[in-house]
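Throughout, read-outs are computed from the coordinates displayed, never taken from laboratory work. Small disclaimer: the values here were computed from a predicted structure and weren't measured. Neighbour counts are summed over all protein chains in view; Cβ atoms, including those assigned to glycine, are modelled from backbone coordinates with ideal geometry.
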Amino acid sequence: MVWKPNVVVAAIVERDGKFLLVEEKAEGRFVLNQPAGHLDEGESLVDAVVRETLEETAWHFLPEALLGVYRWPHPTKSMTYLRFAFIGRVLRHEPGRSLDHGIARALWLTPEEIRTERARHRSPQVERCLDDYLAGQRYPLDLLKDLGHIATSSSLQAG
């Protein structure tokens with residue numbers, strides 16, 4: 001069996017001193033998380049975070065920077081998550097849009113409210129991303145290189 005991490009993306013969005021989060025059902029309880037989800041096959045990381053944010057919050061997200069890359073081994077499952085967290089802003093909201101299965105609601109919370117709810121965070125990544133954002137950590141999006149559209153020499157020879 002080959003081990004592979006679960007690649008996920010997350011959106012860190014601040015507006016008027018509050019951060020966009022989702023309340024979702026995970027492992028039998030309601031938890032708080034940034035809008036986040038798995039990278040789909042053939043999808044770029046940027047496209048994934050735009051899609052996941054829309055699906056989970058009904059907000060259209062514009063990524064502007066990479067906050068960081070976070071490795072987190074789940075303490076009770078044999079799973080490791082590799083999270084690419086993006087900073088950006090929301091452009092518009094579709095209030096009538098249905099949210100992803102398991103998402104109870106999207107909400108805006110202050111850093112203090114987020115920290116107060118620490119026991120309900122889906123993972124330690126929630127507060128770590130908040131802390132890194134508030135500390136001013138930012139990386140340009142061009143740090144990420146997506147070669148999905150470039151044919152490799154092996155694929156050209158195979159075709």
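Residue order for Met79, Met1, fewest other beta carbons within 10 angstrom first, comes to Met1, Met79.
Compactness of the chain, taken as the C-alpha radius of gyration over 2.2 N^0.38 Å, stands at 1.09. Peptides 55-61, 101-107 ranked from most to least packed give 55-61, 101-107, packing being the mean of other C-beta atoms within 10 angstrom over each peptide's residues.
Taking every lysine pair in the chain that is 8 or more places apart or spans two chains, those with Cα atoms closer than 30 Å amount to 4.
Over the chain, dividing the summed -39,500 (n - 2.57) contributions of all DSSP H runs of at least 4 residues by the number of residues returns a 222 nm mean residue ellipticity of -6000 deg cm²/dmol.
Taking Cα atoms only, the orientation of helix 45-57 departs from the longest principal axis of the chain by about 30 degrees. With the highest mean first, a sort of the peptides 15-24, 111-120 on other beta-carbon atoms found within 10 angstrom per residue produces 15-24, 111-120. A Förster radius of 35 Å, combined with the Cβ-Cβ distance separating Leu91 from Met1, puts the computed FRET efficiency at roughly 0.25. From most to least packed by mean Cβ count within 10 Å, the peptides 25-31, 36-42 give 36-42, 25-31.
When the Cα gyration tensor is reduced to axis lengths a ≥ b ≥ c, the ratio a/c is 1.5 or higher for region 70-135, and with a/b above b/c it is classed as prolate. Dipole of the chain computed with +1 at Lys/Arg Cβ and -1 at Asp/Glu Cβ about the Cα centre; of Gly68, His121, Leu91, farthest Cα towards the positive end is His121. Once both labels are positioned 7 Å from their Cα atoms along Cα-to-Cβ, the gap between Tyr139 and Glu64 label points is 1.9 nm.
To the nearest 20 debye, what is the magnitude of the charge dipole of region 6-158 about its Cα centre, counting +1 on the Cβ of each Lys and Arg and -1 on the Cβ of each Asp and Glu? The dipole of region 6-158 has a size of about 340 debye.
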